[in-house]
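Enquirer: Please find one structure pasted underneath; my questions will follow.
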Amino acid sequence: MRELYLPKDMQWPKLAPQILMPGESISSLVDRQALLWGINRSQLIREISPGIIGQVALGDLDVSGRWMFLDIYAEKTGVSRGALEMHCGDRREALLKPKDRDAYCPICFFEDATSAHTPYFRLDWARIFLTYCQVHQCPLFKWSHVLPDGTRKLPHEWLMGEGIKISAVAQFAQDLKLARAYAYDVRPKRPISREAWACVKYFESSLFNAGVGAAKYNAMNWRSYSIEDAVMNLAVELAKDATKNGRLRVDESDAITFEDQRVMSFTFKKGPVRPARPTWFSLTGKVRSIACRRALMYRLSQSKIEWREYVYKQSSLGSV
């Protein structure tokens, strides 16, 4: 490491101790550490782990458990390597691209801040097949303050544990208000939108409980892989009709006018069919908007495949 060749008083000091919060991703912890120093995540990683190890880690911090980076980071932060590994995923393909992991729950953030903790990003929020908060039963929203290297900026007051200041972040107040409306079952109001929202939650919850799209291999079994393969293949086929502005093209007969376009977005013009070999990359490359991803989950839940029977069948076979 570079600091070995520097005078002792010039070596990079240890980072301020931070507590890993329940379900927190490694990238969230690194972002919090970097912001306390007034820098971004890539600058912090290059300082504490220069060379190839840091470069590899920057590729995807949330699945870096197999690399020596965790040994270095554990030594710098005082957090045990074992604890860091527990917060790492090892299935890169089932997660959104690192720079697209900007989904968050406003209510979780509010509760974090009002409990004198710095709001943090959960690893589960990076899952492709999850677009709502299972704790508060509300949609996840896009955190808009993201730097080019993927650092998710937080207000200084939040970092200092000074409580929540809603006006400190543009859009947060609107996100929180809408999230609470969904959590308290005030929205959506229209019957067709309520039905669509219920379908999305039920479908995503079923996949989550079956281990489909999990961030860790140990959360899956052969039934999970079987279901996941069927879902992923159909999802890639539907994702070919995603637009650049974050909407999902569908036939007019399949579309619904969802009342909150920031939650679920369709457009009624059928897009051109482009043959593609189904891969996870095809999915993450096309569906980057969380509203479009949620619309995709709705279309999956309404597909001709009877997912409930399929999941039950796979579970029954596993119990034989």
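Enquirer: Cα-based Rg (one decimal) and Dmax (whole number) for the stretch 24-96, in Å?
Expert: My reading of the Cα-based Rg and Dmax gives 11.3, 32 Å.
Enquirer: Can I ask one more? What FRET efficiency comes out for Gln137 versus Leu36 if R0 is 41 angstrom and r is the Cβ-Cβ distance? Round to the nearest 0.05.
Expert: For R0 = 41 Å, the calculated efficiency reads 0.80.
Enquirer: Now for a separate question. If R0 is 22 Å, what FRET efficiency do you get for Ser206 and Ala83 from their C-beta distance, rounded to 0.05?
Expert: 0.10
Enquirer: Given a Förster distance of 30 Å, report the FRET efficiency between Val56 and Ala173 from their Cβ-Cβ distance, rounded to the nearest 0.05.
Expert: Efficiency, from the Cβ-Cβ distance: 0.15.
Enquirer: Under a plain spin-label model, where a point goes 7 Å from the Cα along Cα-to-Cβ, how far apart in nm are Asn221 and Arg180?
Expert: Reported label-point gap for Asn221 and Arg180 is 4.2 nm.
Enquirer: Give Lys153/Lys240; Lys142/Lys189; Lys142/Lys177; Lys189/Lys240; Lys76/Lys153 a once-over and call out the pairs whose C-alpha atoms are over 26 Å from each other.
Expert: Lys153/Lys240; Lys189/Lys240
Enquirer: Given H placed 1.01 Å from N in the peptide plane, which residues other than close sequence neighbours of Cys133 have an amide H under 5 Å from its amide H?
Expert: Cys138, Leu140
Enquirer: Describe numerically, in nm with one decimal, the distance between label points set 7 Å from Cα along Cα→Cβ at Met160 and at His117.
Expert: 2.2
Computed from the coordinates by the stated procedures, all read-outs in this text should not be read as laboratory data. As the structure is a computational prediction, the values presented were derived from the model and not from experiment. With ideal geometry, Cβ positions are generated from the backbone for all residues, glycine too; neighbour counts draw on all protein chains shown.
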